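The structure appears below as structure tokens.
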Amino acid sequence: MRTREGILTRSVLVAAVVASLLIILPGLAAAAGELRTMTFIPQWLPQAQFAGCYVAFEKGFYREEGIDLKILKGGPDAPAAAMLASRRADFTTMFLSEALQHREKQLPIVNIGQIMQRSGFILVAKKGRGINKPADLNQKKVSLWPNFQVQPQAFFRKYGLSVKTVVQGATVNLFLRGGVDAASAMWYNEYHTIINAGVNEDELTTFFFDQHGLNFPEDGIYVLKETYERDPEGCCRFARATRKGWEYAFAHPEEALDVVMKYINAAHTGGNRVHQRWMLTRMKDLIQPGDARDRIGILNPGDYAAVAGALQKSGLIKTVIPLDEFYVPCLEKH
Amino acid sequence: MSLFILTAAAVIFIAAFGYSSYYFRNQILANVEKNAEAVTMATVSKIEVVLGGVEKVPSFLARNLQGGRPTLPSLQKQIIDLLQTNPEIFGSAVAYEPFAFDKKSMYFAPYICRGGYGGLVPSFLGGEDYQYFFLDWYQIPKELGKAVWSEPYFDEGAGNIMMSTYSVPFYNFKEGEKVFTGIVTADISLEWLKEIIEKLTPHQAGYSFLISRNGVFVSHPDKDYIMRESIFSIAEANQDASLREIGRDMLRGGKGFVTLNRHFAGQKAWMYYAPLPSLGWSIGLVFPEEKLFAGISRLKVVILGIGGAGFLALLVVIFVISGTITKPLRILADKAGEIARGNLEVEVPPVRSHDEVEVLSHSFKNMQVALKEYIANLAETTAAKERIESELKIARTIQMSFLPKRFPPFPEKEEFEIFAALEPAKEVGGDLYDFFLIDDEHVFFSIGDVSGKGVPAALFMAVTKTLIKGIASQAVFPSLALEQVNQELCKDNESSMFVTVCCGILNFRTGELLFSNAGHNLPVVIHAAGAVDWLNSPEGFLLGVMEDAHYETLRLKLNPGDTLILYTDGVTEAMNDRKEFFTDQALLRTLAACQERDPEALVAGVMKAVKEFAGPEPQSDDITVLALRYRGR
């Protein structure tokens with residue numbers, strides 16, 4: 001329990017130091033020459049969810065695009081939106097639905113590349129509790145992440161379910177111990193954690209939101225609008241290098257896993273390679289769901305409208321801003 | 001043979017070796033399982049005692065809190081007391097539901113833990129950054145409504161040691177209804193537990209590990225596994241479905257003794273596992289086969305060494321024994337070869353082995369002796385036979401010397417010519433012929449055939465010829481001569497032999513011929529004119545059977561140029577290879593066909609015809625032909 005406090009204080013300290021450096025560095029870089037100094041913070045702790053960025057960095061793809069990038073350690077102590085708002089990072093990743101809500105809350109961010117095309121968000125339930133189809137969730141206890149309720153609530157509405165919700169913490173242990181009947185999970189992460197705790201896949205029922213008309217594509221690359229306007233070319237270069245990193249990671253998964261494990265070990269966040277391998281494989285399913293030749297990073301107007309519409313309907317945003325004010329198609333032109 | 005014995009011995013050895021290995025192996029496994037179980041059970045109960053003690057403390061506090069809301073100082077006092085009396089507890093908190101302790105504060109959770117220098121450090125948990133309601137230690141017991149141990153975690157504040165928290169929910173009663181109020185926790189270090197687990201298995205025998213309820217390694221000799229890998233991640237990385245099943249059974253609280261695939265312990269290994277019931281965790285004791293069966297491996301080497309040496313010894317013994325068994329046999333085989341080549345004098349070495357070989361050797365010797373005797377007998381018999389044969393030959397020569405062989409016999413007599421030939425069969429036969437002058441005008445001639453063959457026939461022939469010559473030289477009529485000869489032969493004829501004879505007396509001055517026949521073939525007459533005919537002489541009974549037999553005399557007159565042919569049945573009954581007789585007709589035809597009419601040519605013609613007819617068929621009887629030609633004055 002002191003753990004959390006300890007991490008927090010230390011991380012805040014680190015972040016402060018990094019931030020002060022960042023304020024000084026751009027000026028130095030500008031003086032030095034061609035390389036743009038930029039900072040990226042992933043929205044969560046190091047894991048294969050961000051393999052593309054780590055690989056692009058390790059393979060020098062950012063440098064090839066003229067970017068001298070710093071990657072900060074993300075996680076609960078360094079919320080992505082706050083890091084952008086405080087100018088401590090130039091780029092971050094966010095779920096589309098989160099980004100729309102931040103935009104509504106006067107955080108002027110723009111999407112310069114929609115990495116994920118398919119939602120990895122699922123509900124997972126134990127068949128042993130008699131849950132096999134959406135209707136079986138009625139009157140059941142389901143744990144939900146506080147920040148990610150739109151999709152599940154829309155799902156419950158869609159099937160007219162009355163569900164007892166419980167706040168879901170950082171682990172799936174409540175679900176594993178039987179404290180809830182169903183839990184929220186990312187297919188690429190918590191779902192595999194459950195499998196890796198000894199529950200067999202055939203003992204589980206999964207509800208993929210995208211299969212129930214609730215495809216909220218998740219990770220996209222975001223920058224402050226002002227950052228983009230100051231250096232649109234640099235921002236698009238970052239997006240392109242990131243895309244190249246993903247393409248390389250999918251083509252060389254074991255090499256990509258080496259890179260990811262390196263970051264995980266450096267951050268002392270634990271996690272094993274098997275889990276990261278699962279995650280990287282799932283990332284490919286979510287980033288290139290149809291065809292491997294699909295271009296990575298395009299925000300589908302239909303998806304945008306659906307997500308924005310759902311948020312508006314649930315009162316999380318009031319207005320839907322036009323797509324071209326929210327999205328810069330950096331990865332469509334090249 | 002040696003190969004067969006060796007193979008059989010090898011099979012038996014391998015079977016015995018295999019079985020003993022198998023037996024020892026099972027024995028060792030059974031022992032290991034038994035020991036592992038005993039040690040584990042003892043350890044588990046020891047751990048359970050400690051954990052049970054820890055569990056009691058927050059449970060007691062939780063029960064106290066059920067009564068009502070204490071003041072903060074008294075609550076802190078209770079926590080301090082708890083820590084002071086239970087040194088194994090590192091820290092303890094009482095965390096309340098939002099606004100449950102104080103209507104104004106969302107978070108209320110006094111927490112006291114041990115500080116760096118043995119003192120106790122009080123603090124409060126909760127805040128925007130630490131919403132303890134959503135943490136496992138709080139949420140799981142709350143939702144389950146029962147006390148639980150948390151998954152292990154590293155506590156940085158306590159020096160990065162591994163801890164687990166025991167959380168007990170407590171309730172209050174509002175209007176008779178049970179309302180969840182908060183959680184009492186007790187944190188304990190897991191270092192002592194890890195130490196106990198590590199000591200569970202002697203280092204040289206293998207290792208032990210501990211996994212949490214999620215299958216995560218809490219204790220493992222590979223530090224990289226701890227809190228990072230789970231038994232299921234190892235199973236998935238190696239695609240080992242059986243390991244996953246073992247892991248599931250461990251988490252279900254199962255017990256067992258199982259084999260593990262190579263990747264888990266770096267080599268094939270056995271594992272005993274048993275649960276830690278209060279934590280819901282599981283202990284595994286891993287025994288690498290190599291170490292487990294090190295004793296067996298040494299034993300195997302020794303047994304194989306002994307077996308190999310024994311095998312070599314067996315090989316030598318078999319060769320020696322088979323050599324001693326087969327040596328006399330080989331000698332016997334050599335000797336048999338020599339005997340087969342005719343050397344009966346070969347020395348057969350004596351065998352004293354008191355077995356079949358000795359019997360065989362003995363039989364062999366007996367056979368050699370018997371063969372020698374047989375061959376000696378054979379030689380004797382052959383000698384006897386040869387002697388008899390030579391005697392028979394001599395008898396034959398003597399017999400033949402009885403017969404007149406000088407031709408012409410009477411060169412001064414121009415009135416007739418006479419010629420005879422006897423072609424003897426291989427055996428001594430009984431044919432005879434004779435002729436002599438009785439006086440100046442009469443010549444006696446005869447031909448005969450004794451029944452049977454061999455020496456008796458020859459002797460009987462000699463007797464007959466002598467008798468005929470003695471009697472006929474004074475006889476006037478051939479029939480009377482035959483009667484007298486018959487009477488003489490019948491006397492004391494115990495051998496019951498008989499003889500056919502025909503004879504005649506020719507007055508070569510007049511051509512008158514007196515002729516008599518005693519059961520012999522009819523003579524042939526070749527008339528001077530050329531006709532060939534039978535001489536129809538009266539038939540008479542053969543000589544030597546009936547003492548009072550009477551014979552007739554035929555009287556006829558020969559014309560000059562007539563020729564009389566007498567012969568024995570050796571002519572007419574000569575056989576060819578188709579077993580056909582020469583026959584009387586053939587004789588007549590032969591005689592008629594003869595160009596020259598002098599007796600010698602006629603006899604030669606008949607002989608030649610018979611020989612040609614018989615071909616390669618051996619002659620079975622004497623062949624005798626006599627020709628008498630009357631020339632007249």
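Against chain B, whose longest principal axis is taken from its Cα atoms, helix B:599-614 shows a tilt of about 20°.
Residues of region B:235-267 with an amide N closer than 19 Å to a point placed 7 Å from the Cα of B:ASN26 along the Cα-to-Cβ direction: B:257-259. Farthest towards the positive end of the charge dipole of region A:121-212, among the residues A:VAL167, A:LEU123, A:ASN196, is the Cα of A:VAL167, using unit charges on the Cβ of Lys, Arg, Asp and Glu. With respect to chain B, whose longest principal axis is taken over its alpha-carbon atoms, helix B:72-85 is tilted by about 40°. At a Cβ-Cβ separation cutoff of 4.7 angstrom, cysteine residues of chain A with no neighbouring cysteine are A:CYS53, A:CYS235. Were the residues from B:PHE173 through B:ILE5 laid out at 0.36 nm apart, the gain over their Cα-Cα distance would be 51.4 nm.
Between B:ASN536 and B:ILE388, how high is the FRET efficiency from 1/(1 + (r/R0)^6) when r is the Cβ-Cβ distance and R₀ = 56 Å? Nearest 0.05. Spell out each step's value before the answer.
Numbers: r = 44 Å, r/R0 = 0.78.
So the FRET efficiency works out to roughly 0.80.
Counted over region B:67-189 with a bin width of 5 Å, the fraction of Cα pairs per bin, in whole percents, is 2, 11, 20, 25, 22, 13, 5, 1, 0, 0.
How large is the charge dipole for region B:404-630, taken about the Cα centre, if only the Cβ atoms of Lys, Arg (+1) and Asp, Glu (-1) carry charge, to the nearest 20 debye?
On the way: 18 positive and 35 negative charges, 68 e Å.
The dipole magnitude comes to about 320 debye.
What list do you get for B:LEU332, B:LEU72, B:LEU628 if you sort them by fewest beta carbons within 10 Å? Write down the numbers at each step before the final one.
Details: B:LEU332 20, B:LEU72 13, B:LEU628 24.
By the 10 Å Cβ count, ascending: B:LEU72, B:LEU332, B:LEU628.
Restrict the search to region B:1-99; then list the chymotrypsin sites (Phe, Trp or Tyr not before Pro) that DSSP places in a loop and that have at most 15 other Cβ atoms within 10 Å of their Cβ. Could you put the intermediate results ahead of the total?
On the way: sites: B:PHE4, B:PHE13, B:PHE17, B:TYR19, B:TYR22, B:TYR23, B:PHE24, B:PHE60, B:PHE90, B:TYR96, B:PHE99; in loops: B:PHE99.
The qualifying sites are B:PHE99.
When region B:404-630 is described by a simple charge dipole with +1 on each Lys and Arg Cβ and -1 on each Asp and Glu Cβ, the residue from B:THR500, B:PRO411, B:GLY430 located farthest towards its positive end is B:PRO411. Using θ = phi - 60° in the Karplus curve 6.51 cos²θ - 1.76 cosθ + 1.60, the 3J(HN,Hα) couplings for region B:132-141 round to 5, 4, 9, 9, 3, 4, 9, 6, 5, x Hz; x is entered for Gly and Pro. Rg and Dmax of chain B, based on Cα coordinates, read 70.0, 199 Å.
Rounded to the nearest 5, the antiparallel percentage of DSSP beta bridges internal to region A:121-212 is 60%. Modelled label positions at B:LYS34 and B:LYS223, each set 7 Å beyond Cα in the direction of Cβ, lie 3.9 nm from each other. Put simply, when B:222-229, B:102-109, B:172-179 are sorted by average Cβ atoms within 10 angstrom per residue, most first, you get B:222-229, B:102-109, B:172-179. With a threshold of 24 Å on the Cα-Cα distance, the over-threshold entries among A:LYS59/A:LYS262; A:LYS127/B:LYS223; A:LYS262/B:LYS268; A:LYS141/B:LYS142; A:LYS140/B:LYS146; A:LYS73/A:LYS244 are A:LYS127/B:LYS223; A:LYS262/B:LYS268.
Express the relative contact order of chain A as a whole percentage, based on alpha carbon pairs under 8 Å and six or more residues apart in sequence. Spell out each step's value before the answer.
Numbers: 562 pairs, mean separation 90.5, N = 334.
Here the relative contact order equals 27 percent.
Helix A:301-313 and the longest principal axis of the C-alpha atoms of chain A enclose an angle of approximately 60°. Can you compute the label reach from A:GLU34? Point 7 Å from Cα along the Cβ direction, backbone N cut-off under 13 Å, restricted to region A:51-81. Only A:63-68 pass the distance filter. The gain in end-to-end length when the B:ASN261 to B:HIS354 segment is fully stretched comes to 27.3 nm, 0.36 nm per residue minus the alpha carbon separation.
Only the coordinates and a few stated rules stand behind these numbers; no lab work does. Keep in mind it's a predicted model, so treat the numbers as computed, not measured. FYI the Cβ positions are ideal-geometry reconstructions off the backbone, even for glycines, and counts take in every protein chain you see.
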